[in-house]
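Here the structure is laid out as structure tokens; the discussion comes afterwards.
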Amino acid sequence: MTDPSARRDAPCAGLRIGDAAPDFSARSTAGEVRLSDYRGRWLILFSHPADFTPVCTTEFVALAGSADEFEKRGCALMALSVDSLFSHFAWLRLIRDRYDVEVRFPILEDPTLVIGRAYGMVAPNDNDSATVRTTFFIDPGGIIRAMTCYPANVGRSTPEMLRTLDALQAVDDGPVLAPANWTRGDALLAQPDASLDTVYAAKGQTDWFLKETG
């Protein structure tokens with residue numbers, strides 16, 4: 001039986017979709033950064049458990065390799081962990097030398113967990129961030145539009161991050177919806193017309209609420 005006193009607050013519990021992303025400034029591998037400086041463009045802020053770890057290394061190789069795809073979509077990447085700035089530098093040098101990939105997006109240092117706790121990336125009573133991989137999709141207005149949490153032993157999917165970004169940007173273009181497994185170029189769904197006349201006038205049983213656009 002689990003000891004109630006040992007329960008930890010769930011990651012991501014402090015923020016919700018639709019909340020304003022808390023502003024901060026911090027040292028990073030790309031110099032001093034402030035979150036609010038990214039207003040006007042999309043931003044993906046994500047935490048990783050630690051430098052020099054196997055899963056994190058594969059994630060950063062994959063993300064650096066796809067950095068141009070995020071840039072094409074007007075989206076910046078920003079990573080965070082409790083490791084020091086010099087640990088980040090040493091790790092990025094290793095990745096460059098071993099995989100011939102340069103990680104150019106900023107990696108923040110957060111040794112006091114101030115940013116991680118503000119974003120719910122770690123529980124308030126945790127001493128490190130080695131428990132979760134949390135990702136925040138932040139729109140140009142600084143609003144959190146989507147969040148994901150993965151355990152330390154499961155890496156993120158870069159294609160899914162791009163798919164989520166594509167879907168968020170697509171639904172911003174009008175009153176449309178992105179269906180299951182939607183990818184760029186697929187048809188979107190129209191917002192249902194909530195009127196009884198529309199329901200009765202529809203030719204098919206689902207046409208009034210499940211209809212592709214175009």
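Taking the DSSP bridge list for the chain and keeping only pairs wholly inside it, about 65 percent are antiparallel. Checking [x] 39, 17, 13; [y] 22, 21, 17; [z] 36, 21, 16 against the coordinates, the calculated semi-axes √(5λ) of the Cα gyration tensor in Å falls under label [z].
Each of SER28, SER47, SER66, SER36 was scored by other Cβ atoms within 10 Å of its Cβ. Arranged with the fewest first, they read SER36, SER66, SER28, SER47. Compared with the dominant principal axis of the Cα atoms in the chain, helix 158-171 is inclined by about 40°. Relative to the longest principal axis of the Cα atoms of the chain, the long axis of helix 85-99 lies at roughly 70 degrees.
Taken together, the values in this text are just the output of simple stated rules run on the coordinates, not laboratory data. Remember, it's a predicted structure, so these values are computed and weren't measured experimentally. When we count neighbours, we look across all protein chains shown, and the Cβ atoms used for this are built from the backbone with ideal geometry, even at glycine.
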